[in-house]
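Undergrad: Structure provided below as structure tokens; questions to follow.
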Amino acid sequence: MLDSQMKKILICAVPFSDNLGDGVIAASLAHIAGLKYPQARVEFLDIAGRLGFEEENLRGGGAFRLFAKLPSFIRSVIVFLYCLKGYFLGWRKNWKAAVDDADLVVIGGGQLFCDVALNFPAKLFLLSRLLRGKKVVILSVGVTAKWSFLGRFLVGRFLKNARPAFYATRDQESASNLHNYFRIPRSDIQVVPDPALICADAFSDELSPEKNWDIGICVSSLDALVMNSEYEGSNSTQSAKFFATLAESLQAEGKRVLYFTNGASEDNKVLEEISSASDAPKSIFLVPRHPDELVALISACSCIVAHRLHANIVAYGLNIPSIGMNWDKKVESFFELTGRKRYLFDLSPRVEKLGTSVLGLLDDRHPDRKALDALRSQVVAGIHALI
């Protein structure tokens, strides 16, 4: 399509998720699209039905803990019925209005092709009912290897309805999964790394000029991570105790420590548990509410420690060293992609060993800028070739 004909690009993902990494992806993808089509307007459609940030959800509270204990089939039924209700009571009208005048519909990035209680399969299927006849491309998506029969069926229907012109996954593992589970010819699938790798450009105005903290600890609910993990038999530990002990060990070495989250409700709950304890460490506790705040927080750290994939991706994109903790194949794939598997630990490693590695990284940080620049170029060129 000629540049002059491209008037509207619609990015369909979860840009308004409380897990702000998804918002960083969307903004970065919009930035890249704008480089090629500066005259086109880029809009977002959140396939979870959200219209903005800070919308309430059940995660992190008692209802979420009860939901997590239900049998997987019951959870899937509840989620599917919830999606049907949302679609017919409001999503369909809003989505149709957004799709109708779009010249290009982008599905991506993030782990959209995953099956946790039919969440994304149901939403993608319902969206696809409105995509017939539109030019659709799939960009930089993550694809899990953990599927239910119904999940595969719904995503299969999405692909049949949407008929994407191009497919691009964010890593080789996802490309293999897309081929193996959905019969997309491997030769038709390109690999374009995560758009958030160019976050330094997309959020250039938000970057901190000062390193206010030596170490940023990204707090997560390990129970929630395990529930969403592709790995079998993952075991979590007491989240609050784990992170508090790590911070105390680093502060004992005289380091300035920041506690923060990616914004997810279940993670914020753990942060609140740490900060409200009677013996809470004397630290700064910050919860970002928008993607630019997350990027700004990470940019103000000399290094970070995180389970969350996009805390690690943002740090890498900002040329800030990070220590990762592995809870899912997508985290492992990113550290493989960047040649940094030596900085990837288990889900809940021994605090003493983890702390020693963090201090070592802080004292001897020499990120490979050439590798980062090569990946950034690959992201921009790959996406421009497909849109």
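The values are calculated or read from the model by the stated rules, or taken from the named source; none is laboratory data. Here the structure is a predicted model, which means the values were calculated and not measured. Using ideal geometry, Cβ is built from the backbone for each residue, glycine included, and neighbour counts are taken over all protein chains shown. Note: accessible area is taken over every heavy atom of the protein model, side chains too, but ligands, DNA and RNA are not part of it. Shrake-Rupley method; radii C 1.70, N 1.55, O 1.52, S 1.80 Å.
Undergrad: Would you pull out the residues with amide H under 5 Å of Arg308's amide H, same chain only if 5 or more places away, H placed 1.01 Å from N?
TA: none
Undergrad: Below 8 Å, C-alpha to C-alpha, sequence gap of six or more: please give me the relative contact order for the chain in percent.
TA: Relative CO of the chain lands at 17 percent.
Undergrad: I've got another one for you. Expressed as an acute angle from 0 to 90° and rounded to the nearest 10, what is the orientation of the C-alpha long axis of helix 265-276 relative to the principal long axis of the chain?
TA: 20
Undergrad: Straight-line reach from Lys255: which lysines fall under 21 Å, measuring Cα to Cα and dropping same-chain residues less than 8 apart?
TA: Candidates past the 8-residue exclusion: Lys211, Lys241, Lys282, Lys353.
Undergrad: Another question, if that's okay. Percent relative contact order of region 162-270, based on C-alpha pairs within less than 8 angstrom and at least six residues apart?
TA: Relative contact order of region 162-270: 26 percent.
Undergrad: Please give the per residue accessible area of region 238-359, computed with a probe of 1.4 Å over protein heavy atoms only, in Å².
TA: Value for region 238-359: 37 Å² per residue.
Undergrad: Using 1/(1 + (r/R0)^6) with R0 = 56 angstrom and r between the beta carbons of Lys85 and Lys370, what's the FRET efficiency to the nearest 0.05?
TA: 0.65
Undergrad: Which peptide among 205-211, 376-382 comes first, and what is the full order, when sorted by highest mean count of other Cβ atoms within 10 Å?
TA: The peptides rank, most packed first, as 376-382, 205-211.
Undergrad: Let me ask something additional. Would you mind counting up the charge near Val257? Only other residues with Cβ under 12 Å from its Cβ, with Lys and Arg at +1 and Asp and Glu at -1.
TA: Neighbourhood net charge equals 0.
Undergrad: Once neighbouring chains are kept in place and the probe is 1.4 Å, which whole percent of the accessible area of region 15-145 is contributed by carbon and sulfur?
TA: Within region 15-145, the accessible surface is 60 percent carbon and sulfur.
Undergrad: So which residue, out of Ala26, Ala13, Ala252, gets the largest mean-square fluctuation from a GNM of the chain using Cα contacts under 10 Å as springs?
TA: Comparing Ala26, Ala13, Ala252 in the GNM, the peak value goes to Ala252.
Undergrad: Within region 254-346, what whole-number % of the accessible surface is contributed by carbon and sulfur, with the 1.4 Å probe and all protein chains included in the calculation?
TA: With neighbouring chains kept in place, the figure for region 254-346 is 44 percent.
Undergrad: Taking the simple approach of a point 7 Å from Cα along Cα-to-Cβ for both Arg132 and Glu336, what is their distance in nm?
TA: Inter-label distance under the simple model: 3.9 nm.
Undergrad: Using a/c under 1.5 as the rounded threshold, could you call region 169-319 rounded, prolate or oblate? The axes a ≥ b ≥ c are square roots of the C-alpha gyration tensor eigenvalues, and prolate needs a/b larger than b/c, oblate otherwise.
TA: oblate
Undergrad: Taking H placed 1.01 Å from N in the peptide plane, check which residues at least 5 places from Lys8 or on another chain put their amide H under 5 Å from its amide H.
TA: Residues meeting the criterion, in which the H sits 1.01 Å from N, are Arg41, Asp103, Leu104.
Undergrad: Region 172-217 to region 256-271: how many Å between their Cα centroids?
TA: 21
Undergrad: Cα-Cα over 28 Å: which of Lys329/Lys370; Lys93/Lys160; Lys123/Lys370; Lys7/Lys123; Lys96/Lys269?
TA: Lys123/Lys370; Lys96/Lys269
Undergrad: When the Karplus curve 6.51 cos²θ - 1.76 cosθ + 1.60 is applied with θ = phi - 60°, which whole-Hz ³J(HN,Hα) does each residue of region 335-350 get, with x for Gly and Pro?
TA: Listing the rounded values in order: 5, 5, 4, 8, x, 10, 4, 5, 9, 10, 10, 5, 3, 9, x, 4 Hz.
Undergrad: Related question: Amide H to amide H, which residues 5 or more places from Leu258 or on other chains are under 5 Å from it, using H placed in the peptide plane?
TA: Those lying under 5 Å, H to H, from Leu258 are Ile215, Gly216, Ile217.
Undergrad: While we're on this one: How would you order 290-302, 92-104 from highest to lowest mean count of nearby Cβ atoms within 10 Å?
TA: In decreasing order of mean packing, 290-302, 92-104 become 290-302, 92-104.
Undergrad: For region 69-147, divide the Cα radius of gyration by the Kirkwood radius and give the resulting Rg/Rh value with two decimals.
TA: 1.01
Undergrad: Rolling a 1.4 angstrom probe over the protein heavy atoms, how many square angstrom per residue are accessible across region 59-193?
TA: About 46 Å² of surface per residue is accessible.
Undergrad: Below 18 Å, Cα to Cα, which aspartates and glutamates can Lys330 reach? Residues fewer than 8 away in the same chain don't count.
TA: Leaving aside aspartates and glutamates fewer than 8 places away in the same chain, those within reach of Lys330 are Asp22, Asp115, Asp171, Glu173, Asp194, Asp223, Glu230, Glu232, Asp346.
Undergrad: Could you order the peptides 35-43, 308-316, 194-202 from most to least packed, using the average number of other C-beta atoms within 10 Å per residue?
TA: 308-316, 194-202, 35-43
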